[in-house]
1. So what is the 222 nm mean residue ellipticity for chain B from helices alone, if each DSSP H run of at least 4 adds -39500 (n - 2.57) and you divide by all residues, rounding to the nearest 500 deg cm²/dmol?
2. If I fit a long axis through the Cα atoms of helix B:19-45 and take the longest principal axis of the Cα atoms of chain B, what angle between them do I get, 0 to 90°, rounded to 10?
3. Let me test this: with uniform point scatterers at the alpha carbons of segment A:239-298, what is the Debye-based log₁₀ I(q)/I(0) at q = 0.12 1/Å?
4. For chain B, compute Rg over Rh where Rg is the Cα radius of gyration and Rh is the Kirkwood radius from the inverse mean 1/r over Cα pairs.
5. Can you work out ³J(HN,Hα) from phi for every residue in segment A:293-299, in order, using Karplus 6.51 cos²θ - 1.76 cosθ + 1.60 and θ = phi - 60°, giving whole Hz and x for Gly and Pro?
6. Compute the signed sum of charges (Lys and Arg +1, Asp and Glu -1) over the other residues within less than 9 Å, Cβ to Cβ, of A:GLN111.
7. Using mean Cβ contacts within 10 Å as the protection proxy, how do A:62-71, A:85-94 order, highest first?
8. Tabulate in residue order the Karplus-calculated ³J(HN,Hα) for segment A:57-73, using 6.51 cos²θ - 1.76 cosθ + 1.60 with θ = phi - 60°, rounded to whole Hz; enter x for Gly and Pro.
Amino acid sequence: MTPVSVPRIRRSATAGHAAPRRTDRRSFLVASIAGLPRAVLPLAAVLYSTRDQPFGLATAILIAAGIIAFISGFAYLAWLRTTYCVGAADIRVETGIIARAARSVPFERIQDVSLQQSLIPRLFGLVEVRFETGAGGADELKLAYLSQTEGERLRELVRDRSDAIPAPAGTELIHEEREEVLFAMPPRRVLTFGMFEFSLALVAVLGGLAQQLDFLLPFGLWDLNGWQDRLAGQGAWLAGIGPAAQLVGAVAVLALLGTIGLLTGVARTAAREWGFVLTRNAKGFRRRRGLFTRTDVVMPVHRVQALSVRTGAVRQLWGWQSLSFITLAQDAGAASHTVAPFARHREIAPIIRAAGFEEAGDEAPWHRTSRLQARDAALARLLALAIPAAVLEVVLWLMPEVDSALFLALPAILGGAGVLLALHAWWNWHHRRYALTSRQLFHRHGRLSPALDIASRVKLQSVSLVQGPLARRHGYATLHLGVAGGRIAIPGLPVADALRLRGELLASMTATDFSELV
Amino acid sequence: MTEPPEGSDAEPLHQLHHAYVKVLRISGALLAAPLVAAAAALEMALPTPPGLLLSVAVVVAALLLLRVPFRRYNARGYHFSEDRLRVVSGLLFRSDTVVPFGRVQHIDVAQGPLERAYGLATLTLHTAGTHNASVSLPGLLHADALAMRERIRARVKRDTM
């Protein structure tokens, strides 16, 4: 481990190897409360099975008390046996009631520190602190729960030590004061965003539940005769007034589905994005968002490897885009950090500049990819579906006894899908552009939902060219770029262009060592 | 296939150690043996013209044993320069990867049982990239692989993420 110049900060208590500390005392309360829902199901079972016995209720209450005591006791032991210790070079966490596990993470490896507040810890003013190393998911070190001030103190400490940037003397949580807001979403924007996040997930869940729990319904959901009988009552006159009413019914169902989808989208988006604020301070970007679970993530500027600008087919019509950072750290499962989920271009531009990137102007040397690749891709997709369609057609012709409309239409459907896929491949080629500037590589693709990837040339990890048999014949290749935390690939580059591109990228990559980048 | 593959830079590629052909051939044999056995079993079970399945299987096995290892060997190559390693491989789908030493996170030198029998080793470079997280170069002499590892290690300035 290289010596880290620790800025002199008035935190003598934690300098050097401090005594192990426990997480906040109230963590076990939170863990107990969070465990309560797990007690509900067994309780319901007990209540149900003892409903006819004289002391049924008393038994149920006793058992419930037992379960709650067990959960709380377990939570208490877990709290008692979890300690953390901030050393000079690393942070150590020991956990485990019987089997102990000690994990140590050197400050240098910590990509960022995020604070997360779920609903219950939030009521107690507690935070969950996660140390992101790029290991991802369950392997990340986390401390649940610390008080908000302790969480922020730890974060400042880790950031000071990992970056080894001499902070001004007497730094004590004053970073927060010099924060500049880069992007924020007021409630109105969040609601607008929700409108575009139309989701029928709830309908699917309800449908699934209905199927699972149909024994609870007073009638058989899938019992067609029953439905006919019921419809014969009030439904008969409905059927009687003819197609107009049926049309009205269909429209009503669609409207209902639409409303549910819209409301689901708005609710989910609001829960996730409420109070979205992206700020920039001396150390990096800081993002806070969430209605019930409030997260607070810090991303150092120099750890941003690449940018990705995305939009959707519908939202682009209103000029909405999203911007994500590609970094080594994980963001709730995704390998990128969304820093502006729903913004105008003029709002995204300053964030791009703040991350040390620049946008490609119109004067950027935009190139197209190989037309032969588009032709090959389109033909491959067409043939992949047209050949089965033709075979099926012959089979149907040989078997005249098949008269199902679906089977007869299948070849046409397959052929049509093939044509659509081929057109899509061609369309993709038509809208694909790339440009290499002195510092960055731009890749623009897609038209229905246009996307733009911006990679910093020096921050790439590896470059490879891949050619299939057709690609070799027609002289094009796919360029795959190794990016820490993401991937960028440009298909169909003419070989000469691909080689030139690779040579230039490698020249800028070899000029710097990885340790100077991250 | 012996000429430098399409998509090469100006520099000539180094071939792997010729014993690697034998390694590939033995791996091919391990793949071909069950194939021939299965064909023989099917031959007895199915009312096909005698010898049809078996002869097809034998032809495929012969290709796997004689032709394919040689072509795969010829398709592979590497170039080790001052600051980067270039690895070329693939018969049907050719891939040509360059890893600058400045981006190497850690280095593995591994020997499977077959490789050990022939004194060969596989050099694997790990990068932080999600694509090409590890780039392998098989079929090196074990001593060469170790020497390459040392040279790369000298180039990796600091052992840090």
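Please treat every number below as a calculation from the coordinates, not as lab data. It should be emphasised that the depicted structure is a prediction, and the values quoted were computed from it without experimental measurement. Cβ: placed from backbone, ideal geometry, glycine included. Neighbour counts: every protein chain shown.
1. Here the helix-only value at 222 nm equals -13000 deg cm²/dmol.
2. It is inclined by approximately 30 degrees.
3. Evaluating at q = 0.12 Å⁻¹ gives log10 I(q)/I(0) of -0.52.
4. Taking Rg over the Kirkwood Rh, I get 1.10.
5. Per residue, the Karplus-derived 3J(HN,Hα) values read 9, 8, 10, 9, 10, 10, 10 Hz.
6. 0
7. A:85-94, A:62-71
8. 5, 4, 4, 4, 5, 4, 5, 4, 4, x, 4, 5, 4, 4, 4, 5, x
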